[in-house]
Every structure is written in C-alpha cells, then in structure tokens.
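Structure first, commentary second.
The values are calculated or read from the model by the stated rules, or taken from the named source; none is laboratory data. Just so it is clear, the structure is predicted and the values come from calculations on it, not from any experiment. So basically every Cβ, Gly included, is an ideal-geometry build from the backbone, and we count neighbours across all protein chains shown. Accessible surface is based on the protein model in full, side chains and every heavy atom, while ligands, DNA and RNA are left aside. Shrake-Rupley method; radii C 1.70, N 1.55, O 1.52, S 1.80 Å.
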Amino acid sequence: MRSTHLAIGEIVRPQGIRGEVKLRPITCDLSRFEGLETAYLKRGDAFEPIRLTVNRIAPDAVFLNVDGVGDRTAAERLRGEMVYVDRAHAVELDEDSTFICDLIGLRGRATDGRDLGALKDVLQPGGNDVYVFRGPLGEVLVPALKSVVARVDLDAGEILFDAQRLDEVAVFDED
C-alpha cells in the first residue's frame, strides 16, 4: 500500500536560540521547500500538521521555524523528527519516475521468470540508482537503467527486468 505522506527531510538540530531548526533534506529537488507553509510530523500512525516558515535553503540544508517553537529548548525536542508532506503537495514527477518509498517492497522478476525477491533499498551513488533486492537468489544489485527495467507496476507490486540485460549488468550474491 502506498503511503499517504512522503518524507522530505529530517530535523537534525536547533539553529540558534530563537527556535530555528536545521533540516537535512531527503529530496532531490530543494526548490520544493520554496513557499512550503504546511508539513507533517508523524505521531504513531497519524500525521500531525505543522505550520512552518522556511528561512533559507542551502545546498545541503534547509533552515526553518515551526509555529509554536520559539526557543532552543523547544527546537531541541524536534531533533530527529522526520518532516513529511501529503501526496497532494508532493513534487510532480515525470512519467518515467517513481518515489523511492513507493518502490520499496516491490517484487523483482526477470522476463524469464526468475524471482529476485523484495526490493529492500535504493542506493543513490550518483549517476544511476541501484536497486537492492533480497530473495531466493540472495542479494541482487540492479542498476536502474531504462534498458534493464522493462516495467514498474505499482498496482501489481512488481518490477519486471529484461532477463538478458539483467544478466549483463546485475551483481548477484555469490553465496
């Protein structure tokens, strides 16, 4: 099941004495923070809305204030909190892109029927993403190349790979 909210960053520490916090973004598009006024914190299984003010955006951080957090002590209580947006306010993706959180857990299968197991992680070393599957073949690392990925079917819960290209580029566990 697809999550209703998407994580966009983690509050890593207070910044100064007036309640500002430093957020480590986990989104590729930092412009998504421009004009952002409402986000969410996860409380159990529920998402609690928060009002915020984005003060400045750096290449590796976003500095913001959360309404009701006016000093360093209150800001310290937010350390480690993940900040989310609902899907209605998520960035728009092009038709060939999918949010990583929607891919995690999908089954990998080759066109020749081989089962790669479940997608456990997506590595982003630069260039192409790398899918990490764990299943009957052990750990399998597959570069997310258009020539390898035949189809991503979120409704069916599956990523289908071209078997020939998979054998050429995937790294299979040697156990």
remark   = For the chain, whose charge dipole is built from +1 on Lys and Arg Cβ atoms and -1 on Asp and Glu Cβ atoms, the candidate among Leu154, Phe63, Leu123 with its Cα farthest towards the positive end is Phe63
inquiry  = Tell me the label only: which of (i) 33, 18, 16; (ii) 38, 15, 15; (iii) 52, 19, 12 is semi-axes √(5λ) of the Cα gyration tensor in Å as calculated from this structure?
reply    = (ii)
Neighbour net charge for Lys22 - beta-carbon separation under 11 angstrom, K R +1, D E -1 = +1
task = Evaluate the relative contact order of region 24-96 (contact order divided by residue number), counting alpha-carbon pairs under 8 angstrom at least 6 apart; express in whole percent.
result = 29 percent
task = Quick one: give the max-minus-min coordinate of the C-alpha atoms of region 79-175 along each principal axis, largest first, in Å.
result = 40, 31, 26
task = Under a cut-off of 27 Å between alpha-carbon atoms, report the lysines in cross-link reach of Lys42, not counting same-chain residues fewer than 8 places apart.
result = Lys22, Lys120
remark   = Expressed per residue, the solvent accessible area of the chain in Å² (1.4 Å probe) is about 58 Å²
inquiry  = Could you work out how much longer the chain between Glu158 and Asp67 gets when fully extended? Use 0.36 nm per residue separation minus the Cα distance between them, nm to one decimal.
reply    = 28.7 nm
query = If the chain between Asn55 and Ser147 were fully stretched, how many nm would it gain, using 0.36 nm times the residue separation less the Cα-Cα distance?
reply = 28.9 nm
request  = Evaluate the distance, in nm, between pseudo-label points positioned 7 Å from the Cα of Arg43 and of Ile26 along their respective Cα→Cβ axes.
outcome  = 2.1 nm
key: Segment Phe172-Leu93, extension gain: residue separation times 0.36 nm, minus the distance between their alpha carbons   = 25.4 nm
ask   = What percentage of the solvent-accessible surface of the chain, computed with a 1.4 Å probe over protein heavy atoms, is contributed by carbon and sulfur atoms?
value = 47 percent
query = Build a GNM of the chain with springs between Cα atoms under 10 Å: which of Ala88, Ala150, Ala75 gets the top mean-square fluctuation?
reply = Ala88
key: Those GluC sites (Glu not before Pro) in region 16-70 that DSSP places in a loop and that have at most 13 other beta carbons within 10 Å   = Glu34, Glu37
